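Coordinate-derived values only; no laboratory data. Just so you know, these numbers come straight off a predicted model, no measurement behind them. Here the Cβ positions follow ideal geometry from the backbone for every residue, glycine too, while neighbour counts run over all protein chains shown.
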Amino acid sequence: MNDAQEALDIELEVNGEHVRRRVEARRSLADFLRQDLGLTGTHLGCEHGACGACTVRVDGAIARSCLMLAVQADGARIETIEGLSDAGAIAELQNAFVLANALQCGYCTPGMLIAAQALLEADPQPSRDRIREFLAGNYCRCTGYQSIVDAVASVAAHRAARGPR
């Protein structure tokens, strides 16, 4: 294969910033984010889309970045844990995770926070069963999930008590 077939130019928005790069055709979005852009909050666990450690948002929808090629993200809007954190979008969830001891080793935490934020945007008052169901694709080997469900439920309850902004 020649160089023209092995690498492609892509343009996308990552955490609100325009990015233009030449990438190998087979480079995963996770590797692109971590290695090319230095956004190491996107973790690689299984590299098969099963663990959720690589969860990012692509055009607002959660996605497993290990299963997506960087070239498939051409023209897309990508949000990583760094972008959501820096923007303050997940500050309330981060605090709730700390208070509920919903993180231990922290490896699953970025993907879990992204998924939890997406759930609360789609369903501001999810039941505990709905929280468990939604986060089932994000594995956590340390917490046993109860504290994670507690944290997400507490944010939902707090937001409901506070009312619309």
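At a glance:
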| read-out | value |
| --- | --- |
| Cα-centred dipole magnitude for the chain, charges only on beta-carbon of K, R (+1) and D, E (-1), debye, nearest 20 | 560 debye |
| Sites residue 18 and residue 91 - FRET efficiency at Förster radius 22 Å, r taken between beta-carbons, to 0.05 | 0.30 |
| Förster-model FRET efficiency, 45 Å R0, residue 123 and residue 74, C-beta, rounded to 0.05 | 0.90 |
| Cα gyration tensor of region 1-83 - equivalent ellipsoid semi-axes, whole Å, descending | 20, 15, 10 |
| Rough spin-label spacing in nm, given labels placed 7 Å along Cα→Cβ, for residue 36 and residue 9 | 1.3 nm |
| For residue 69, distant residues with modelled amide H under 5 Å away | 29 |
| Note, ³J(HN,Hα) from phi for region 144-155, Karplus 6.51, -1.76, 1.60, rounded to Hz, x at Gly and Pro | x, 6, 4, 5, 5, 4, 4, 5, 5, 5, 5, 5 |
